[in-house]
Amino acid sequence: MSYLSKYLFFITFILLSCSSNEVFFENALCIENIHTINPIDGLKKNQTVIIQGGKIIKISPSRNINLSQKNTIINGTDKYLIPGLWDTHVHYAYIEELAPLMSNLFLKYGVTSVRDTGGKIDIVKKWKDRALDNPLEAPRILMAGPLLDGIPTVYDGSDTRLPELAVGLNSIEAITKQIDFLESQKVDFLKAYEMLSPQQFHHILKIANEKGLKVTGHIPLSMDVISASNAGLHSIEHMRNLDLSCASNSDELLQERRKMLANNANISGGRLRSKIHKMQQEKAIDNYDETKADSILSVLKRNDTWQIPTLALNTFYTRRYFERPEWQESYSVLPDSIQHHWLSRAEALTEIVPSEFRKKYDIWHIKMVKKIHDANIPIMAGTDTPIAYLTPGLSLHEELASLVDAGLTPLEALKTATTNPAKYFNLEKELGKIKEGMWADLLILNDNPLVNIKNTTKINTVIKQGKVHLKN
């Protein structure tokens, strides 16, 4: 055999050998040569991820797997794969006209799961049921149903600025009946609110524990943070009323609040809450006690009372996201009436200079988030969209950026919107990581979010349970 013949035989053998090692996955989606970022393990370069039946079935270094070109392949070269994101504080029922657009907006910005923290059950359940019926087309929705509040009720619909999101409960029997009803509607957790009495609050926790439901909420104005945490509150939204307990004069403030809650003037719940906050928040910040704050955080850590800081919302006046062109551009997809209102409000707000107290209050929130994180109290990323002109979906990326500004690393911030919410709902074996057997809720980014957390907005592709949604 001539040298040329031997050479051709050798090349043919190699080609046939390579061809025989090609792998084909039927009815699968293959993402090849992508850098994966797991919130726990960090970055792994040049991986191939195989998705089949809506779940991740295989992850391998790309050099170890030779994909047949018959596969459906996404080229992930120089791109980054992260788990789908959660927004753990949203309200579908806050602006009913906006609700039909919210699911699409969440997916557009890579938010594949949300936690609805309060609204009329018929409105929220409608969108949750649609998501359950069409899991490839909408984020999963875990809902609380209406806020469980006392009398007077903050969100009772009597104030045009505050839509009807709550039920006012005037007795222990009413609480039991309401929670029984919400259980029948398949709520995923409960939310307690600010006008509850200590007796009502404790009864909500008792019934919820019997039914295996977590309770989140605001600290009732009739209570302090330690009492609420010791009662079994699973998580606190916005760090609301934590400031009142961290003051050196917190006992005095509590007694003052309880007198005001008698509501002898019979004013509405929304006005009464605002009056108490206005009277006490500045006093609390001026009398902030670091030692007292540390002792409170140690209780929250011991009781595993999680935090949803909604930091972008809480620092609204100083972060001033509403001034940015990209934010105002995001309003273009909203219904005309909402778009016009939000743009006009954004324009008006740019003329408002934050007060000295507002600046101090915002700084307090930022520093408190860092203290909570350093105390190893779990944090979840949430926004309160669509409150405060926060565009659904985009606002979650602003929250991640605000958490990094507060002192979390980008990887730690990603954890607040991936693994932590999955753990909160006992879904850590299904969601929150890029791992074999997990649901394929994934986000392909054009740049590395570990270098700059703002790169989470550089979305190439969103994948919901294996279905590809290209970013518009």
**Asked** Of the residues in region 304-328, how many are in contact with a strand residue (DSSP E or B) (Cβ under 6 Å, 6 or more places away or on another chain) and either farther than 30 Å from ASN230 by Cβ or aliphatic (A, V, I, L, M) (or both)?
**Response** 1
**Fill in**
Flagged pairs (Cβ under 7 angstrom, 6 or more apart or on separate chains; first in region 455-470, touching a residue at least 40 places away in the same chain (Cβ under 8 Å); second polar (S, T, N, Q) and surrounded by 20 or more Cβ atoms within 10 Å (Cβ to Cβ)) are LYS464/THR112
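So which residues in region 329-347 are part of a helix (DSSP H, G or I) and either open to solvent by 20 Å² or more (accessible area, probe 1.4 Å) or farther than 21 Å from LEU390 by Cβ (or both), if there are any at all?
Correct list: GLU329, SER332, VAL333, ASP336, SER337, GLN339, HIS340, HIS341, LEU343, SER344, ARG345, GLU347.
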**Request:** Please give the number of the condition TRP364 fails out of (1) under 23 Å from GLN307 (Cβ atoms); (2) in contact with a Ser or Thr (Cβ under 9 Å, 6 or more places away or on another chain).
**Result:** (2)
**Asked** Is it the case that some residue within region 71-85 is over 27 Å from MET239 (Cβ atoms), assigned to a loop (DSSP other than H, G, I, E, B), of a type in the set (Lys, Arg) and modelled with pLDDT of 95 or more?
**Response** yes
**Request:** Answer yes if at least one residue in region 194-209 is farther than 18 Å from MET239 by Cβ, among the basic types (Lys, Arg) and assigned to a helix (DSSP H, G or I), and no otherwise.
**Result:** yes
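With respect to ILE363, is the statement that it is β-branched (Val, Ile, Thr), over 20 Å from SER103 (Cβ atoms) and within 17 Å of the chain's Cα centre (by Cα) true?
Numbers: β-branched (Val, Ile, Thr): yes; over 20 Å from SER103 (Cβ atoms): yes; within 17 Å of the chain's Cα centre (by Cα): no.
Here the answer is no, as ILE363 does not meet what is asked.
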**Request:** Might you let me know whether region 348-369 holds any residue that is open to solvent by less than 20 Å² (accessible area, probe 1.4 Å), of a type outside the set (Phe, Trp, Tyr) and either touching a Lys or Arg at 6+ places or on another chain (Cβ under 7 Å) or modelled with pLDDT under 95 (or both)?
**Result:** yes
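Given the criteria among the charged types (D, E, K, R), farther than 26 Å from ILE377 by Cβ and free of Cβ contacts under 8 Å to residues at least 24 places away in the same chain, does GLU256 qualify? Quick ask: steps written out before the conclusion?
Values: among the charged types (D, E, K, R): yes; farther than 26 Å from ILE377 by Cβ: yes; free of Cβ contacts under 8 Å to residues at least 24 places away in the same chain: no.
No, not satisfied.
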**Request:** Please specify each residue of region 296-316 satisfying the condition of being out of contact with any Ser or Thr (no Cβ under 8 Å at 6 or more places or on another chain), in contact (Cβ under 8 Å) with a residue 24 or more places away in the chain and either assigned to a helix (DSSP H, G or I) or open to solvent by less than 50 Å² (accessible area, probe 1.4 Å) (or both).
**Result:** LEU297, SER298, LYS301, PRO309, ASN314, PHE316
**Item:** Whichever residue in region 246-284 is polar (S, T, N, Q) and open to solvent by less than 80 Å² (accessible area, probe 1.4 Å) and, among such residues, is farthest from the chain's Cα centre (by Cα)
**Value:** ASN263
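Looking for something more than 30 Å from ASP441 (Cα to Cα), crowded, with 24+ Cβ neighbours inside 10 Å and of a type outside the set (D, E, K, R) - is there at least one such residue anywhere in region 109-130?
First pass over region 109-130, keeping only residues more than 30 Å from ASP441 (Cα to Cα): none.
Checking region 109-130: not a single residue is more than 30 Å from ASP441 (Cα to Cα), crowded, with 24+ Cβ neighbours inside 10 Å and of a type outside the set (D, E, K, R).
The values are calculated or read from the model by the stated rules, or taken from the named source; none is laboratory data. The shown structure was predicted, so the numbers you read here are calculated from the model rather than taken from an experiment. When we count neighbours, we look across all protein chains shown, and the Cβ atoms used for this are built from the backbone with ideal geometry, even at glycine. These area figures cover heavy atoms from the full protein model, side chains too; ligands, DNA and RNA do not enter into them. Shrake-Rupley method; radii C 1.70, N 1.55, O 1.52, S 1.80 Å.
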